[in-house]
Amino acid sequence: MSQTFPVAAAVELAVVERSGFIESRHAGTAIVLAPDGTTARALGDVEQPVLPRSSMKPMQALACLTAGAALDGERLGLATASHSGTERHVTVVRDILEAAGLDESALACPAAWPEDGPTRDGLKRELLGPERVYMNCSGKHAAMLLTCRTNGWDTATYLDPAHPLQAHIRDLVERLTGSRAVATAVDGCGAPVYAMSLSGLARAIQRVGTSSERSPFALHRAAGALVRAVREHPWTIQGPGMPDTIAAEKLGVFAKSGAEGVCVMVAPDGTAVALKMLDGSGRAAAVTALALLTQAGALPAPQVARVIAELPLTVSGGGQKVGVIRPTV
C-alpha cells in the first residue's frame, strides 16, 4: 500500500502554547526552494509521497486553461480556489456553468454548507440546505465542466481518472512535478488527486508561481495568467479573513492550502515553500509557511508579523487569549 512519510521522517514544525505550557506539537515535513529552483532548506524527508489535496488545484486549473477553457479574471481565480461559499463566489461559479450551458445539477462534487458564517446563517434562516454550488471545490468542478464542453468530452463522467480531462490533468501534473504520480486517490470533492513527493509539489508550484505571461511557451503564459488572476482578485482563492486570501492580498504571495495540513506558497521573488503536517491539521500550516519564507529573506519580517496577527492563531481560555499557535522552524 502506498503511504506518506512515517513519524520518524518528520520534524517539529509548530506548537500550541496555552498559559505558557506547550500543549500540542505539529510535526511534518517542509521544503524551501530558492528563486533559482535549488533547495534552500529541507525539514524532514521531503522525497516521501504526500497527497497534495487542494494544493493541486493550481495545476488542475492550469490544465483546464491549456485544454482551451475560456477562463480569466475572477473565473480563473474561482477555478483555482477552495472558496468559502459567499454569494460573490457562488455567482462566479454559476457564471462558469452558464458559459458551459449547464446548471448546478451537472456538478459532481458533494452538496455542502458554505464555510462563510454569514452566508451559512442566511441559508438557514431561509430554511435552505446544503448545495453543491456552495461546496468549496465547486469552482474547480465548474471549470472542469466548461473544459469538457469546450472539447466535446462527456460531462457525466468527468471525474473518472480515465476521462480525457483527467488524463490531461495527470499529464500536466507529472510534467510540472518532474516525476510520475506515485498513486491515484479520490479527493474529498470526488476528483482524482495524485500522490507526489513534497519536493515535486514544491517544484510544480514554483513553476506555476514564477511563470510569465510574456513567455514564448503557451503553458507558462497560461500559468502567468492564473497567478495574475489570483493576485488581482485575492478574494476568489479562499475568502475574507482566510489565510490564502490574506497572503495574496497583503503580501502578494501565491498561496494554496490543502486539506490534511498541506500548504504551498510562492513569494513575489520566486521563493517557494511546500509543507505537510503529518497529523493532518492545517491550523499551523499557513503561519509556518510564512515563517519559512520570511527566514529565507523572501518576505519582510515586519509586514509578515502584521499579517500573522490577522490569522486565527489565538488559543482561548475562559473567553480570553491565553496562548497562541506558533511555528518552531
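Of note:
- Any hit, the range 55-73, residues being more than 28 Å from residue 136 (Cβ to Cβ), aliphatic (A, V, I, L, M) and under 22 Å from the mean Cα position of the chain (by Cα): no
- Residue that is nearest to the chain's Cα centre (by Cα), among those in the range 188-201 that are crowded, with 21+ Cβ neighbours inside 10 Å and closer than 17 Å to residue 168 by Cα: 193
Residue by residue, here is whether (1) over 23 Å from residue 52 (Cα atoms); (2) under 15 Å from the mean Cα position of the chain (by Cα) holds:
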residue	(1), (2)
115	no, no
131	yes, no
161	no, no
180	no, no
231	no, yes
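The rows are residues; the columns are (1) out of contact with any Asp or Glu (no Cβ under 9 Å at 6 or more places or on another chain); (2) surrounded by 21 or more Cβ atoms within 10 Å (Cβ to Cβ); (3) polar (S, T, N, Q); (4) on the phi < 0 side of the Ramachandran plot.
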| site | (1), (2), (3), (4) |
| --- | --- |
| 131 | no, no, no, yes |
| 142 | no, yes, no, yes |
| 153 | yes, no, no, yes |
| 177 | yes, yes, yes, yes |
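For every residue, the table says whether it meets (1) of a type in the set (Val, Ile, Thr); (2) touching a strand residue (DSSP E or B) at 6+ places or on another chain (Cβ under 7 Å).
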| position | (1), (2) |
| --- | --- |
| 192 | no, yes |
| 197 | no, yes |
| 200 | no, no |
| 205 | yes, yes |
| 212 | no, no |
| 217 | no, no |
| 222 | no, no |
| 226 | no, no |
| 230 | yes, yes |
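Residues are listed down the side, and each one gets a yes or a no for (1) crowded, with 17+ Cβ neighbours inside 10 Å; (2) touching a helix residue (DSSP H, G or I) at 6+ places or on another chain (Cβ under 9 Å); (3) part of a strand (DSSP E or B):
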position: 1; (1), (2), (3): no, no, no
position: 12; (1), (2), (3): no, no, yes
position: 16; (1), (2), (3): yes, no, yes
position: 23; (1), (2), (3): no, no, yes
position: 26; (1), (2), (3): yes, yes, yes
position: 37; (1), (2), (3): no, yes, no
position: 42; (1), (2), (3): yes, yes, yes
position: 62; (1), (2), (3): yes, yes, no
position: 68; (1), (2), (3): no, yes, no
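- Subset of the range 70-83 [under 22 Å from residue 240 (Cβ atoms) and surrounded by fewer than 19 Cβ atoms within 10 Å (Cβ to Cβ)]: 73
- Residue within the range 118-128 that is under 21 Å from the mean Cα position of the chain (by Cα) and in a helix (DSSP H, G or I) present: no
- Some residue of the range 142-163 being modelled with pLDDT of 95 or more, in contact with a helix residue (DSSP H, G or I) (Cβ under 9 Å, 6 or more places away or on another chain), assigned to a strand (DSSP E or B) and small (Gly, Ala, Ser): no
- In the range 191-202, the residues that are in a helix (DSSP H, G or I) form Cβ pairs under 9 Å with partners that are among the hydroxyl-bearing types (Ser, Thr, Tyr) and surrounded by 24 or more Cβ atoms within 10 Å (Cβ to Cβ), at six or more places apart or across chains, as follows: 198/29; 201/55.
- So residue 157, is it surrounded by fewer than 18 Cβ atoms within 10 Å (Cβ to Cβ), among the hydroxyl-bearing types (Ser, Thr, Tyr) and without any contact (Cβ under 8 Å) to a residue 24 or more places away in the chain: yes
The values are calculated or read from the model by the stated rules, or taken from the named source; none is laboratory data. These numbers were taken from a predicted model, which means no experiment stands behind them. Cβ coordinates were reconstructed from backbone atoms using ideal geometry, including for glycine residues, and neighbour counts include every protein chain displayed.
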